[in-house]
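Notes follow once the structure below has been shown.
Just so you know, all these numbers are worked out from the coordinates, no wet-lab data involved. The structure displayed is predicted, hence computed values, not measured ones. Cβ coordinates were reconstructed from backbone atoms using ideal geometry, including for glycine residues, and neighbour counts include every protein chain displayed.
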């Protein structure tokens, strides 16, 4: 059994944009008790169409996921790839006109009752991991750059500039390129561990240490308010949509002794 409870929350701000294209949500599954799924999407191209589709697909497939007695980590990773590729193909087939193709980034995080975390990312939205007030790791482009160099034969400089190329951009819904899904696993979760899923409208204004400090010291609601306010201040009126989901593992409160003392009767 887990020796912690989960505290989680989501938050968004439109920034200086005309509309909110990010989406974020937390889901539980009817056929997988004790499992939690956090989703974050940053829609591009046709507004929030891509982000909305990711949330819809993620919830639909997570609702259908039936958990075994022991978490099947490869099956969970495959579920996350399935969410990514189903979303991608739906968006790629969508005959949108006007504002362009519906595309989105993706960050998924699933927690199991066996103290495990599984995540998957596509694009430049990020997953951060913290432990006891310290930054542990975050998702980045390294795997995708290596993929472009190894499988597409691109020189390193060209691979690193993939965001500037429609042909290479790693997003769901890019008709020119299949998405590259990066997955990861952490086992042995414990109280004090925390996760942050966020769009580039948030992470672009903070160091790793700053994010670790705020997320560790504050509740998810307080941390999100503080981060959004500081991001708006640092953006100086030019900020993008800023969205996040925070998941914290918090120690269970100590149980108070619950007993009464009675005077023993004299034996007869």
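Say whether the condition of being on the phi < 0 side of the Ramachandran plot, surrounded by fewer than 16 Cβ atoms within 10 Å (Cβ to Cβ) and part of a loop (DSSP other than H, G, I, E, B) is met by at least one residue in the range 214-224. Scanning the range 214-224 turns up at least one residue that is on the phi < 0 side of the Ramachandran plot, surrounded by fewer than 16 Cβ atoms within 10 Å (Cβ to Cβ) and part of a loop (DSSP other than H, G, I, E, B). Among the candidates 113, 74, the residue that is free of Cβ contacts under 8 Å to residues at least 24 places away in the same chain and surrounded by fewer than 19 Cβ atoms within 10 Å (Cβ to Cβ) is uniquely 74. One residue is enough: does the range 87-101 have a residue meeting the conditions in contact with a strand residue (DSSP E or B) (Cβ under 9 Å, 6 or more places away or on another chain), buried (at least 19 other Cβ atoms within 10 Å of the Cβ) and part of a loop (DSSP other than H, G, I, E, B)? Within the range 87-101 (the criterion being in contact with a strand residue (DSSP E or B) (Cβ under 9 Å, 6 or more places away or on another chain), buried (at least 19 other Cβ atoms within 10 Å of the Cβ) and part of a loop (DSSP other than H, G, I, E, B)), the answer is yes, since at least one residue qualifies.
Against the conditions (1) surrounded by 17 or more Cβ atoms within 10 Å (Cβ to Cβ); (2) part of a helix (DSSP H, G or I); (3) touching a strand residue (DSSP E or B) at 6+ places or on another chain (Cβ under 9 Å), residue 57 satisfies every one except (3).
Taking the range 229-257 as the range and being touching a residue at least 12 places away in the same chain (Cβ under 8 Å) and either surrounded by fewer than 21 Cβ atoms within 10 Å (Cβ to Cβ) or out of contact with any strand residue (DSSP E or B) (no Cβ under 7 Å at 6 or more places or on another chain) (or both) as the test, the residues that pass are 230, 232, 234, 235, 237, 238, 239, 240, 250, 251, 252.
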